[in-house]
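Everything on this sheet refers to the single structure shown next.
We did not get these values from a lab; they are worked out from the coordinates using the rules stated. Bear in mind the structure is a predicted one, so any value in this text is a computation, not a measurement. Quick reminder, even Gly has a Cβ in these numbers, built from the backbone with ideal geometry, and neighbours come from all protein chains shown.
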Amino acid sequence: MWKRLRQMMLPHSFRFNLMFASVTCILIPACISLTIYNYLTKDEVKEQAITNSQESLQLVDVYVTNLLNDMLYIANYIQIDSEMTSILKESAAGKIYQGPDAYYQRFMDQRKIISKIDNITLVGEKSCYVTILLKNGQFYTNYQVHEYHPVQLFKEPWFERLNGLYGFESYWVGTTPTVFQSEKSHHPYQISIARTLREGDSNIYGYVVVTVLESQVNQIFKKLAVNQETMLVDSSGKILSHKDSSQIGKLFPYVKQVPEQNGSRITRISGEDYLITKHSLSFSDWSLVSLTPYQKAETKINYIFNQVFIFQLVSFFIFLFLLIYLLRKFTRPLIQLGKIANTVQHGNLEVRSNIRGQDEIGQLGLSFDLMLDRVEEMIAQITLTQARKRKAELAMLQAQINPHFLFNVLNSIRMKVMGKGDKESAEMISSLSKLLRMTISHHKGNIHFHEELETVMDYVQLMNMRQKEKIELELNVSSEAFLQQVPRFFLQPVIENALIHAYNQSAGKIVLHARLTGRQLIVIVEDSGQGMSKEALQALREKIAGGNGLEDTDPESHKGFSGIGLPNVYERMRMIFGESFRMEVDSEHGKGTRITMFIPVQEAYFHV
């Protein structure tokens, strides 16, 4: 046990350094914080009590301000919406609807106003009652008339004061008994805001009154601390909203002790200290006021500070031992990983750490094991690649002129010599010579694309001489593609495939397109021959994707000049360019075949 402990605590080890640094970083701040804790506690208690009271009022202010802002928004919208004001002005002027659809026009105008009211009262989740009352007695509301008849607003004692309002001036009615029949029993009070609607000459043609239930304000008061009494008061100290409905309408008894500006004050009331905090709203002359027994606020904060002190002291010792235990546990995988790395350093690639987890050490262990797996895979892949390269070289050596093909070509030359002059025979011999030279010359891995095209043209010319019906080769090659470096003899097998399988010694046309797009040379070979069925096309695609071109034993792929089929071409190009090379084969029975090759443009290739 002691021996193991001494090994764990060896100086200069990673585990020892980590544990020493961690304990030091915890011990020093803890000692300093515990030393100065008591010194700062007393002043902090008072400041924290005041801060808590102010912050709670600020939270209430956000809610109340949003509610009142929604009311202002509704009034503003009605005043500035051109469509609403146009209809309201016409109605106030006594517009008479004429024509067979007069009733419908009047209904649609009313519907537009009510729909807009319904839409703008969907602000937030707070319900508002909106009344638009014209001077001629017409009205528009988002509530039923049996709830409250809007014409009764003319009888309200504050209504005459609206005539002195201009523009966006608002009259805050304050708290009044609820007038809506269905709300009276549960929500006895309401808060309203009123504005005038004026024409260009400042004549009043209507009024807007937006009302919310007072309970929507006091519900936030009920969520505060039980011993904190919060209320909404006006400039005279009259209570507008309170969690106790019986207090609404009364004068706050300690209004003189309320600070004139936003802030807090400790005042003595009935032999007990109270913390009075005031927070004015950003509009109107209303304010939020809270009254909290200071001793309860202080006791609660003192209790919190004492509990924090004890908790810190106990937690320090608990976490100190826990830290030592966890550091030893967490560093165990690192020590194991170090041993595995040492084993690998001695040449053993079979060993694995098997360290797993969601943290960085687990990811490091997984990455380390994956790296070893990858190294072994790369060794195996290199071995396999070398073997495949040897097979490819063998395949290229075997891609010589089939004796039967050479016999047929020479026989065709002989027949041409007999039937025609020496000039055409010389051309045949020249084409055959070029083709043989390109086939037999293995020292040149890459050639220019135009050289490959010349080989293809010579090949087609020879094929046309050996059969009665001619094959037309059409080239559509962009100028920048001619000088691109391509692997030697990659295109001839594709043309040969079209001659053998598409036309089978009959007349036809092969079109070759080539263009340079970005970093790719796109080569397309298409014919209008017999094409392939869906089953044959799928089989060919699977054969190409299978990567068995170098091991192709199908006798059909060895009939022509080179005896190299499409899978062989695909495999060879993939060995040269890797995953960057793509070949697509499309065919439809009776319509022809289209082969598209996407060749990456590079400065140099691996020679295969």
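Here are a few things to note about the model shown:
- Cross-link table Lys46/Lys256; Lys89/Lys112; Lys116/Lys155; Lys256/Lys278; Lys95/Lys135, entries beyond 18 Å C-alpha to C-alpha: Lys46/Lys256; Lys116/Lys155
- Over segment 54-295, the hull volume per residue, using the convex hull of the C-alpha atoms, is 131 Å³.
- Shown in residue order for segment 478-486 are the 3J(HN,Hα) couplings computed by the Karplus curve 6.51 cos²θ - 1.76 cosθ + 1.60 at θ = phi - 60°: 6, 5, 6, 7, 4, 9, 6, 7, 9 Hz (x for Gly and Pro).
- Relative to the compact-globule estimate of 2.2 N^0.38 Å, the Cα radius of gyration of segment 253-378 comes out at 2.31.
- In terms of surrounding Cβ atoms within a 10 Å radius of their Cβ, Glu147, Glu260, Glu272 rank from fewest to most as Glu260, Glu272, Glu147.
- Dipole check for segment 54-295: with +1 at the C-beta of Lys and Arg, -1 at the C-beta of Asp and Glu, and the Cα centre as origin, the magnitude is about 280 Debye.
- With N as its number of residues, segment 111-213 has a Cα radius of gyration that, divided by 2.2 N^0.38 Å, comes to 1.06.
- Projected label points at Arg541 and Leu370, each 7 Å from Cα along the beta carbon direction, are separated by 3.1 nanometres.
- Order of His146, His513 under a 10 Å beta carbon neighbour criterion, fewest first: His146, His513
- The dipole here belongs to segment 56-144: it is taken about the Cα centre, uses +1 on the Cβ of Lys and Arg and -1 on the Cβ of Asp and Glu, and is about 320 debye.
- Residues in segment 460-470 carry Karplus couplings, in order, of 5, 4, 5, 5, 5, 6, 9, 10, 5, 8, 9 Hz; the curve used is 6.51 cos²θ - 1.76 cosθ + 1.60 with θ = phi - 60°, and Gly or Pro positions show x.
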